[in-house]
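Colleague: Mind having a look at this structure? Questions to follow.
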Amino acid sequence: MPPPAAESVTLTVGSVALSARAAAPAGEPRATVPALPGGGYRAWYWDHPLDPGASLLTLGAMLGFRVIAVDRPGYGASAQIAGDRQAVTAQAALLNELAAQMCEAGDGVFLAGHSLGAIVALEMAARAPAYPLLGVAVSGVPIRYPGYMVAGMASRPTDGTHLPGTTVEALAMTFYGPDGTFDPKVLDLDIEQQAPVPVPEFLDARDYPRSFPAVAPGVRAPVQYVVAQHEASSVGGPETLSEAVGRLSGSRRVDAWEQAAAGHNISLHRVARSYHLRVLAFFEECLATG
């Protein structure tokens, strides 16, 4: 039997249409997984463009999960959303409504988030959502920035609606690991698919090291917290993992580890399949242990 294919869908929350990529198992899903990409990225981030076997959507559906990679508010079909509606808190409120709709049939929810999508996922989890939240898997959470990133973000013009675009060189240096850890063709696809980053969410990400200590203790669900071995957009390593575990003091369980052989965009590296399988294994454990 061929693996379940991902398809493009449109989801509606109130008056807001959200574009997404979705894959579902043949039978009833064991749980629903909204997957949130980072700043400048759309749903394709989770659905590996060069290796379908590494896609979180395909792997999740094969294991009985319904996975829906969502273009966050301000991207794709909801690109018209502007101003404060693009801020992290507003995105979290809207996406919590979406998650509640998704599990009306009775299955629970796991959240997956990367980078800015991880910031939104943690905010969603900390709001005591009105649906059964079974676990949260995040990567690339910027709880500390190196000096060069602080300086770089301070220099970005924020008087418009969106940030200026980036270059392939900057993309490679910031979001990818050493040569050999990713297919070079991914970079070409990445720069082609880059979406403008709304200024409100950029400001929230820039200031997140000050926000994380207040948000993290409110997360009650189990958390898988991952940093990339070659993380360059924020500070990684054992100290960051230790700090994250300490801050997530309200969580029933925190599984924190470093993903080898990857830069910030783990899901677009050669280890994407193994990383996504570990995300799904974490969800499996949460289902088994309650």
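Colleague: Take the residues in region 104-162 that are acidic (D, E) and more than 15 Å from the chain's Cα centre (by Cα), then tell me which one is modelled with the lowest pLDDT.
Modeller: The selected residue is E104.
Colleague: Now, a different point. Mind checking which residues of region 6-25 are part of a loop (DSSP other than H, G, I, E, B) and either of a type in the set (S, T, Y) or under 29 Å from M153 (Cα atoms) (or both)?
Modeller: Scanning region 6-25 gives a single hit, S15.
Colleague: Taking region 59-106 as the region of interest, how many residues are among the charged types (D, E, K, R) and surrounded by fewer than 19 Cβ atoms within 10 Å (Cβ to Cβ)?
Modeller: Summing the residues that are among the charged types (D, E, K, R) and surrounded by fewer than 19 Cβ atoms within 10 Å (Cβ to Cβ) in region 59-106 gives 4.
Colleague: Right, something else. List pairs: first residue in region 162-187 and on the phi > 0 side of the Ramachandran plot, second residue at pLDDT 95 or above and small (G, A, S) anywhere in the structure, Cβ distance under 9 angstrom, at least six positions apart or on different chains.
Modeller: G180/A261
Colleague: Next up: Could you list, in sequence order, all residues of region 261-281 that are under 18 Å from V141 (Cα atoms) and either hydroxyl-bearing (S, T, Y) or out of contact with any Ser or Thr (no Cβ under 9 Å at 6 or more places or on another chain) (or both)?
Modeller: S267, L268, Y275, R278
Colleague: Please name all residue pairs, on different chains or six or more residues apart, with Cβ atoms under 8 Å, provided the first residue is in region 127-141 and is free of Cβ contacts under 8 Å to residues at least 60 places away in the same chain and the second residue is part of a loop (DSSP other than H, G, I, E, B).
Modeller: Y131/C103; P132/C103
Colleague: Something else now. Just give me the residues in region 155-210 being small (G, A, S), more than 26 Å from R270 (Cβ to Cβ) and surrounded by 18 or more Cβ atoms within 10 Å (Cβ to Cβ), in sequence order.
Modeller: Within region 155-210, A205 is the sole residue that qualifies.
Colleague: Just a yes or no: is a residue in region 262-277 touching a Cys at 6+ places or on another chain (Cβ under 8 Å), farther than 27 Å from D84 by Cβ, touching a residue at least 24 places away in the same chain (Cβ under 8 Å) and surrounded by 18 or more Cβ atoms within 10 Å (Cβ to Cβ)?
Modeller: Within region 262-277 (the criterion being touching a Cys at 6+ places or on another chain (Cβ under 8 Å), farther than 27 Å from D84 by Cβ, touching a residue at least 24 places away in the same chain (Cβ under 8 Å) and surrounded by 18 or more Cβ atoms within 10 Å (Cβ to Cβ)), the answer is no, since none of the residues qualifies.
Colleague: Right, next: Return the residue satisfying two criteria in turn: it lies in region 202-233 and is of a type in the set (A, V, I, L, M, F, W, C) and part of a loop (DSSP other than H, G, I, E, B), and of such residues it is nearest to T174 (Cα to Cα).
Modeller: A232
Colleague: Show the residue pairs meeting these rules: Cβ distance below 7 Å; 6+ apart or different chains; first residue within region 235-260 and over 17 Å from G140 (Cβ atoms); second residue surrounded by fewer than 18 Cβ atoms within 10 Å (Cβ to Cβ).
Modeller: S249/P217; G250/P217; G250/G218; G250/R220; S251/R220; R252/R220
Colleague: How about region 26-47: which of its residues are at pLDDT 95 or above and in a loop (DSSP other than H, G, I, E, B)?
Modeller: P37, G38, G39, G40, Y41, R42, D47
Colleague: Let me ask something else about it. Identify the single condition in (1) under 26 Å from G60 (Cα atoms); (2) surrounded by 21 or more Cβ atoms within 10 Å (Cβ to Cβ) that W257 does not satisfy, given that it satisfies every other one.
Modeller: (2)
The values are calculated or read from the model by the stated rules, or taken from the named source; none is laboratory data. Computed from a prediction, not measured in an experiment: that's the story for all the values here. Note that each Cβ is placed from the backbone with ideal geometry, even for glycine, and that neighbours are counted across all protein chains shown.
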